[in-house]
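> One structure follows; several queries about it will come next.
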Amino acid sequence: MIGIVIVSHSKQLALGVRELAAQMVQGQVPIAVAAGIEDPDNPLGTDPIQVYEAIASVFSDNGVLVLMDLGSALLSAEMAIEFLPEAQQQKVYLCEAPLVEGAIAAVVAVAAGRDIQQVMAEARGALLAKATQLGVVSRPLSLVSHNTPTTNIESPTREIRLIVSNRLGLHARPAAQFVTTAARFQSQILVQNLTRNTELVRGDSINQVATLGVRQGHELLITATGSDADEALAALQGLFANNFGEDNVALNSPPALHHEVTPAIHGELLGIAASAGVAIAPVVHYQPTHISITEYHVDDPDAEWQRVQAAIHTARQEMQAVFSQASLQIGDAEAAIFDAQLLFLEDPVLLEAAHQRILEHHINAEAAWQAVVDEVATSYRTLEDSYLQERVDDVVDVGQRVLRLLAGNAPANLHLEEPAILVATDLSPSDTARLDPKKVLGICTTSGSATSHSAIIARTLGIPAVLGVDAQVLHLADGTLMALDGESGKAWVEPESHILDLLAAKQLAWQTAQQEARATAHQPAITRDGRQVSVFANIGSINDVQVAVANGAEGVGLLRTEFLYLDRTSAPTEEEQLEVYQAIAQVLDNRPLIIRTLDVGGDKPLPYLRVGFPEANPFLGWRGIRFCLDHLDLFKTQLRAILRASVGHQIKIMLPMIASVTEVRAAKVILGEVQAELNQAGISFDAAMKVGIMVEVPAAVAIADQLAAEVDFFSIGTNDLSQYVMASDRTNPRVANLVDALHPAVLRMVQQTIQAAHAAGISVGLCGELAADTLATPILLGLGLDELSVNPQSIPGVKQAIARFCIVESEAIVASALQQDSAVNVRKLISTSVIPPA
């Protein structure tokens, strides 16, 4: 039966709504509540972990409907879904219906046996009867202000309005990209959250942008005033169109939580389950160096300001070292946390405030800096959203780094001689990133949360962590034996033998499962009836390829080369590109590398290339191969670099956004010209290098047989193909739900493409997000794909999923799926089609 979850800031309100709704159906419908926070002084608020537990307690394959009141309730619900397994995420629906009326309408519909879409429709229409009875006429409200400020009469103000599609809105990493991009231009950039009706704030201030509270679906007004206003707005628009480089996939999630919290028994300490795994080791206390600040009068404020600037300069060097090390250890995605910290050091609002305090009050640098950092931290703490409240850890982290340098203190020592469990009040993100998992076997702190940046880093490092335990652990002597279970959120001090036996058995089982997963990841992906399917990686950097190989990638099915062109003021040179392509190919060690040529244009503009005119619908505009064929110098430079890198490696070229045979032939002519130029210059390259295309527009599917005669392979891009087939913009929250690659219309397109490719004797892969969805694995196997290309972290899971199925049964599922009338029913079909193990 469909479950209902009620999310509210007020526990009393939520319980009252549940009681009222339950009475309507005599308790027949499962209803869970996630409301309020455990703070007697301020009980109003929402907690993502509470929401996650509520969803889990009523989850069923029929679906879960989540109703929310306002503000951070939506954010908490969005984050909670990210913590669920991918197969379950697709069955949880967030509904904008009114809380009380919507809950009543929903439970009545569930009790009547309606499906999830019908239940949502009933909830959304819950106010209709009341509105009709009161004779209310709905009028749309405009939140857009046309009175935008200007700073220079001679430089007109340009403006754009954008919808944010990132799952967590402008959280730390995309906010950092926004500020970095805005700061590159001379124009003054201002930004306003129209959805929340905020004031305009400076776009080059990381703190002001972050405190706008921008969430998914919010509409922003961005203005630019100055000589390069058009270029600035084009660059910012490119960030939004490219989703700030995020795939909108699941977050690095906390471990699975029990549906019921068991009470602590003697010797147990209950905390927050933040990073899965078992650790048994002596404790070692970590106490960051306390910095005592005394405010005093100074006679030379200019000298004090120079001290601040010098400390910031050194802090920036330290942070860049932390970022570089973190990129190698935890990957680019998580290391981007420290990008935001670097921007904090460059925030003009913060620096101006510190400078002003020193000059006006003649106080010392330490006192002025501490006061300004405290003000920024307080502004974060007072925000309504719990996710943004937690970003205060980053503010304090980088603020303390500068303060330590001003005070002349050495950094705290985190080096351990022997393996241990680290016990502390809290760990900053930069502290956590420095931990060695071979020496730090576990983390136990008295504060923190499962969604903090420190917890995310701990999970990425694979260090078990239990946070928020009783402060008595701070009084333990170093060397005291501790055991902790990061999955259940429990810790034991000097545990008894039976507890140690249980945890040791769990630890062994966990280690065995990890070893099996790693072993499977480095083996071929073979179905139960012997069909081998290649599993490649989608990457966008050198560090990504290292992670991919470590996770068992058999090659790279998609190298997105856009990262070489973005966030700079000019195009990369041939030598710059060659160096990167060779480095990636070297890591792959003769595994296949498919390089997609530049895929930018109207929806992903390059600020240093003037488009000349705005496009009303950039997704249907001048992008991909169309853009490259009109910028031959850019295109030829990239082709030369790819060809030169091909010597001694399995490199292939892939052309994006192909819609006609003419485009393929034109690109091949240019490739031939570049090859002739290299031959003439005596420069070596792989003359037999294969050329393929992305199949991502319906036109390419319709003429797939003709295109197959021109190229060596196909790669189906279901992300774009889905939105073109369904005529829905995946970045538009109002219609994004229609963009589902499991819709029968999309699946039929995929089937037609595969059939055309195989009839022509060429291979065909799939590199969209669908490939990483293990729920879809039997569909993709049954359709006959030769290759799946996924994000590096998904490789082990996809390989294990392939091994669970056989082709014959998968083909039967596909035959039925293609006859369904919706993506919802396709998912239901897959979930109910039980394929027994071999």
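> So how do R459, R158, R568 rank on accessible area, 1.4 Å probe, biggest first, that is with the largest at the start?
These residues rank, largest area first, as R158, R568, R459.
> Set the Förster radius R0 to 41 Å, insert the Cβ-Cβ distance between E574 and E352 as r into 1/(1 + (r/R0)^6), and round the FRET efficiency to 0.05.
Using R0 = 41 Å, I get an efficiency of 0.45.
> Averaged per residue, what accessible area in Å² does segment 754-838 show with a 1.4 Å probe, protein chains only? Don't jump to the answer; show the numbers that get you there.
Numbers: 3120 Å² over 85 residues.
Here the per-residue accessible area is 37 Å².
> Within the set K91/K799; K438/K506; K799/K828; K438/K799; K438/K490; K490/K799, which residue pairs have Cα atoms separated by over 25 Å?
With Cα atoms farther than 25 Å apart: K438/K799; K490/K799.
> Computing the accessible area with a 1.4 Å probe over protein heavy atoms, can you report the carbon and sulfur percentage for segment 24-79? Don't jump to the answer; show the numbers that get you there.
Working: 1130 of 2240 Å².
Percent of accessible area from carbon and sulfur atoms in segment 24-79: 50.
> Before I look further, what does segment 186-232 give for accessible area per residue, probe 1.4 Å, in whole square angstrom?
Details: 1550 Å² over 47 residues.
Computed with neighbouring chains in place, this is 33 Å² per residue.
> Quick check on segment 39-78: take the gyration tensor over C-alpha atoms, sort the square-rooted eigenvalues as a ≥ b ≥ c, and tell me if it's rounded (a/c under 1.5), prolate or oblate.
prolate
> Per residue, how much accessible area does segment 471-516 have with a 1.4 Å probe, in Å²?
For segment 471-516, the solvent-accessible area averages 56 Å² per residue.
> Still on this structure, I have one more. Dividing the convex hull volume of the alpha carbon atoms of segment 470-600 by its residue count, what do you get in Å³ per residue? Please report the intermediate quantities before stating the final value.
Working: hull volume 30.1 nm³, N = 131.
So the per-residue Cα hull volume is 230 Å³.
> If you don't mind, there's one more thing I want to ask. Under the classification rounded if a/c is under 1.5, otherwise prolate if a/b is larger than b/c and oblate if not, where does segment 340-491 fall, given a ≥ b ≥ c as square roots of the Cα gyration tensor eigenvalues?
Prolate, since a/c reaches 1.5 and a/b exceeds b/c.
> Hey, which aspartates and glutamates would be in cross-link range of K636, C-alpha to C-alpha under 19 Å, not counting anything within fewer than 8 residues on its own chain?
Excluding near neighbours in sequence, the set is E562, E574, E575, E576, E579, D599, E663, E673, E677, D686.
> While we're here: For segment 537-577, what is the relative contact order in percent, using Cα pairs closer than 8 Å and at least 6 residues apart in sequence?
Taking the mean separation of contacting Cα pairs over the length of segment 537-577, I get 40 percent.
> May I pose another question? Round to a whole angstrom and tell me the spacing of the C-alpha centers of segment 501-570 and segment 171-222.
If you average the Cα positions of each part, the centres end up 35 Å apart.
> Continuing with this model, one more query. Quick one: grab the alpha carbon gyration tensor of segment 758-833, order the square roots of its eigenvalues as a ≥ b ≥ c, and give me rounded if a/c is under 1.5, else prolate or oblate depending on whether a/b is larger than b/c.
Cα axes put segment 758-833 in the oblate bin.
> Order F244, F805 by their accessible area, 1.4 angstrom probe, all chains in place, largest first.
Values: F244 10, F805 30 Å².
Heavy-atom accessible area, descending, gives F805, F244.
> Could I have the simple spin-label model distance between V669 and D230, label points 7 Å from Cα toward Cβ, reported in nm to one decimal?
My value for the distance between the label points is 3.0 nm.
> Now for a separate question. Within a Cβ distance under 9 Å of I6, other residues only, what is the Lys/Arg minus Asp/Glu net charge?
Local net charge: 0.
> If I take R0 = 60 Å and measure r between the Cβ atoms of M1 and Q523 in this structure, what FRET efficiency does the formula 1/(1 + (r/R0)^6) give, to the nearest 0.05? Intermediate results must be reported in sequence, preceding the final value.
Numbers: r = 40 Å, r/R0 = 0.67.
The pair M1/Q523 has a calculated efficiency of 0.90.
The values are calculated or read from the model by the stated rules, or taken from the named source; none is laboratory data. Here the structure is a predicted model, which is why all the values come from computation and not from measurement. As a convention, Cβ positions derive from the backbone with ideal geometry for all residues, glycine included, and neighbour counts pool all protein chains shown. Heavy atoms of the whole protein, side chains included, go into the accessibility calculation; ligands, DNA and RNA do not. Shrake-Rupley method; radii C 1.70, N 1.55, O 1.52, S 1.80 Å.
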